[in-house]
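Take a look at the structure below.
The values are calculated or read from the model by the stated rules, or taken from the named source; none is laboratory data. Remember, it's a predicted structure, so these values are computed and weren't measured experimentally. Here Cβ is always computed from backbone atoms with ideal geometry, including for glycine, and neighbour counts include all displayed protein chains.
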Amino acid sequence: MAPRKWQAHPYQGHSIELGFRFLGSDAAVSPVHRAILDTGATVSMFDLAHTAVAGIADVESGRPRDLVVANGAQAQGYEHDVAIEVLGMRLVVPGVFVPEWGTGTGNLLGMEGFLDQFAFYLEHRFRELLVYA
C-alpha cells in the first residue's frame, strides 16, 4: 500500500465540487461527473440519471433509507454500494438514489463511507482543499 500524503485540490466560489466517475457495469462510458463535498450530508446521494452507469438495474432493490434534507423535507431513498473513482482513488461508497426526486438533483459526497475515509483541511481564503489520502 502506498504511503498516505496530502494532496491539494483548488476550488472556486463557496462550495467544493469534486470530479468523479462511476465504476459500475458501464464504467468504460462513464464521463466525469461533479459532486458537492457536503460535510452536512450523512450519506452520499447521486442523481437518479446515473443508475445505469453506476451498475444499478433496479433502484428499489437497494436498502431503504429515510432522508431528511436541509430544508426539512423528507424522502425515501435506496442505498446501494457504488464504485467510484475520485481524488485519484477507487472507492466503494454507500450511495442513495431517490426515485421521487427524479433526475437533475445533482450529486453529494457525504460523511458515511466517503468523508470518513480521509482527513481534510480547508483553507477557504485561498480556495484550497487539502486531502490526506
Legend entry - Val93 being closer than 17 Å to Arg21 by Cβ, among the aliphatic types (A, V, I, L, M), free of Cβ contacts under 8 Å to residues at least 60 places away in the same chain and in contact with a Gly (Cβ under 6 Å, 6 or more places away or on another chain): yes
Inset, instruction - Output the residues belonging to the range 24-50 that are farther than 16 Å from Gly113 by Cα, buried (at least 16 other Cβ atoms within 10 Å of the Cβ) and at pLDDT 90 or above. - result: His33, Asp47, Leu48, His50
Legend entry - Of all residues in the range 66-80 being at pLDDT 95 or above and out of contact with any helix residue (DSSP H, G or I) (no Cβ under 6 Å at 6 or more places or on another chain), the one that is nearest to Gly24 (Cα to Cα): His80
Legend entry - Neighbours by Cβ (under 6 Å, 6+ apart or cross-chain): first from the range 106-120, at positive phi; second assigned to a strand (DSSP E or B): Gly113/Val93; Gly113/Pro94
Legend entry - Criterion (in contact (Cβ under 8 Å) with a residue 60 or more places away in the chain, touching a His at 6+ places or on another chain (Cβ under 8 Å) and of a type outside the set (Lys, Arg)) met by exactly one of Leu37, Leu23, Leu87: Leu87
Inset, instruction - Please indicate, with yes or no, whether at least one residue in the range 36-46 is out of contact with any strand residue (DSSP E or B) (no Cβ under 6 Å at 6 or more places or on another chain) and not in a loop (DSSP other than H, G, I, E, B). - result: no
